[in-house]
Amino acid sequence: MNRWLFAILGYTLFRLPGAIIGFFLGSFFSPRSIKISNKDFEINLLALASLVIKADGKVSQKELDFVRSYFVSAYGKNRANEVFKIFNQNFKNKGISLNKISNLFNLGLNYESKLQVIHFLFGIAKADGSISQQEINKLLEFSNLFKLSYADFLSIKAMFIKEVDNDYKILEVDKSASDEEIKKSYRSLAKKHHPDKVQHLGEAYVKAAQHKFQKIQKAYQNIKVKRGF
């Protein structure tokens, strides 16, 4: 995007030569992206999971079981065991750098994939039956580091914690929103959270994304019934 903005500015000032130079200069200001390896993604995801589990000062066996079950279903038992082994060797005694993880994910994952990571981490927090305020704070910290919008964070939170006007929160609209505003927000969220957006992460993540997608659809249908549109 920056390249085209620079090109337009260059064209405005110096016509075609300016557009070419502007496009070239804009490339230096464009966000850099990298291809994150499967192993790096899995190990750093496990590191984030460990921080969520420890967020409330206690280690829940149900949360540990949730993580292991998820990794086994996503990658198979042998590969999951390998990831846990590497994590124990590299993170357990050396500490976890959130800045390094967030930099890696911000460069290597698209926005939709980072949303799915937060959704997965909320699932860990809910595995023992409830989500503490400390866990919510930790998840919000991750969300901010991943440069996700606060509205998207609250939408995912509402999928796990029932509150007043929950359906509206999932759709990221106020209760006073018009029918057209609700329809527009639903279409935007359905596109953003579509399971196809995370196919590159693997079947387990697609299934999890389908759960999230269904929550959005259900919230929309509930509001449609209440409002009668």
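Within region 169-229, which trypsin sites (Lys or Arg not before Pro) sit in a loop by DSSP and count at most 11 neighbouring Cβ atoms inside 10 Å? Walk me through the numbers on the way to the answer.
Numbers: sites: Lys169, Lys175, Lys183, Lys184, Arg187, Lys191, Lys192, Lys197, Lys207, Lys212, Lys215, Lys218, Lys224, Lys226, Arg227; in loops: Lys175.
Here the trypsin sites (Lys or Arg not before Pro) that fit, given the DSSP loop and packing criteria, are Lys175.
Based on the Cβ-Cβ distance from Lys54 to Leu104, what FRET efficiency comes out when R0 is 22 Å, to the nearest 0.05? Numbers along the way, then the final one.
On the way: r = 21 Å, r/R0 = 0.93.
For Lys54 and Leu104, the calculated efficiency is 0.60.
Here the simple spin-label model places points 7 Å from the Cα toward Cβ, and for Lys162 and Arg187 these points are separated by 3.2 nm.
In this label model, Lys35 and Ser69 are separated by 3.5 nm, measuring between points 7 Å along each Cα→Cβ vector.
Quick one: length gained pulling Lys224 to Gln134 fully straight, 0.36 nm per residue minus the C-alpha distance? Write down the numbers at each step before the final one.
Values: separation 90, 0.36 × 90 = 32.40 nm, distance 3.45 nm.
Value of the extension gain: 28.9 nm.
Pairs with C-alpha atoms separated by more than 22 Å, drawn from the list Lys184/Lys212; Lys77/Lys218; Lys39/Lys191; Lys183/Lys218; Lys138/Lys207; Lys100/Lys169, are Lys77/Lys218; Lys39/Lys191; Lys138/Lys207; Lys100/Lys169. Mind running the shape call on region 38-227? Use the C-alpha gyration tensor, a ≥ b ≥ c as the square roots of the eigenvalues: rounded below 1.5 for a/c, prolate if a/b tops b/c, oblate otherwise. Cα axes put region 38-227 in the prolate bin. Summary of the geometry: region 157-186 and region 49-119, compared by the centres of their Cα atoms, lie 30 Å apart.
Read the figures in this text as sums done on the coordinates, not as results from a lab. Owing to the predicted nature of the structure, the values given are computational and were not obtained by experimental measurement. Reconstructed Cβ throughout: ideal geometry from the backbone, glycine too, with neighbour counts over all protein chains shown.
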